[in-house]
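Participant: Can you keep this structure in mind? I'll have questions shortly.
The values are calculated or read from the model by the stated rules, or taken from the named source; none is laboratory data. Quantities reported herein were computed from a predicted structural model and do not represent experimental measurements. Cβ atoms come from the backbone with ideal geometry, glycine included; neighbour counts cover every protein chain shown. Remember, those area values only see protein heavy atoms, side chains included, never the ligands or the DNA or RNA. Shrake-Rupley method; radii C 1.70, N 1.55, O 1.52, S 1.80 Å.
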Amino acid sequence: MRAPLVADTGGLLRALAKRPDGRPSWPDFAEALRTASAVVVPALVLAEVDYFLRDARAAMRKLIGEMFDPATTYEFEPALPADIVRALEIDAKFRQLRIGLVDGIVAAVAERRRTYRVLTTDRRDFAALRVGPRYDRPLTLVP
């Protein structure tokens, strides 16, 4: 097992995507998900994933079942009021990126939990973000 990671919407969707033969569509994303010691899924990410899976309700039900199964490595992370405030602070600090609330929550949760690995497809924005009290801690993008 590798270190824990925080899942962003695009990274989680790619990690879960399957080809018709059942093999992962994005093997490197699936491997990152499979080998993480914990997969932290912020509540707002789960809501966004639900939106993208609106035509694939069985896949969403399966994800929810796995996420709340204590035998898996998923950890559902409710959005704390402090996370929302911090997300808006990060969004304001990096306003040129226009990251918005969901990506801001991913960064805020990563900062609060000191879990700096982020499963994401959004390399441009997350590579530019910095977290921590002095905004000096980069995030490690996975894969």
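Participant: List every residue pair whose Cβ atoms lie under 9 Å apart, where the two residues are 6 or more positions apart in sequence or sit on different chains, the first residue falls within the range 121-143 and is farther than 17 Å from Trp26 by Cβ and of a type in the set (S, T, N, Q), and the second residue, located anywhere, is open to solvent by less than 30 Å² (accessible area, probe 1.4 Å) and assigned to a strand (DSSP E or B).
Facilitator: Qualifying pairs under 9 Å: Thr140/Leu5; Thr140/Val118.
Participant: Can you tell me which residue among Phe29, Phe68 is open to solvent by less than 40 Å² (accessible area, probe 1.4 Å) and at pLDDT 95 or above?
Facilitator: Phe29
Participant: Any idea which of (1) surrounded by fewer than 15 Cβ atoms within 10 Å (Cβ to Cβ); (2) of a type in the set (A, V, I, L, M, F, W, C); (3) farther than 25 Å from Ala30 by Cα is the one Phe94 doesn't satisfy?
Facilitator: Going through the list (1) surrounded by fewer than 15 Cβ atoms within 10 Å (Cβ to Cβ); (2) of a type in the set (A, V, I, L, M, F, W, C); (3) farther than 25 Å from Ala30 by Cα, Phe94 breaks only (1).
Participant: Return the residues of the range 103-132 that are open to solvent by 30 Å² or more (accessible area, probe 1.4 Å) and in contact with a helix residue (DSSP H, G or I) (Cβ under 9 Å, 6 or more places away or on another chain); say none if nothing qualifies.
Facilitator: Those that are open to solvent by 30 Å² or more (accessible area, probe 1.4 Å) and in contact with a helix residue (DSSP H, G or I) (Cβ under 9 Å, 6 or more places away or on another chain): Glu111, Arg112, Tyr116, Arg117, Thr121, Asp122, Arg124, Ala128, Arg130.
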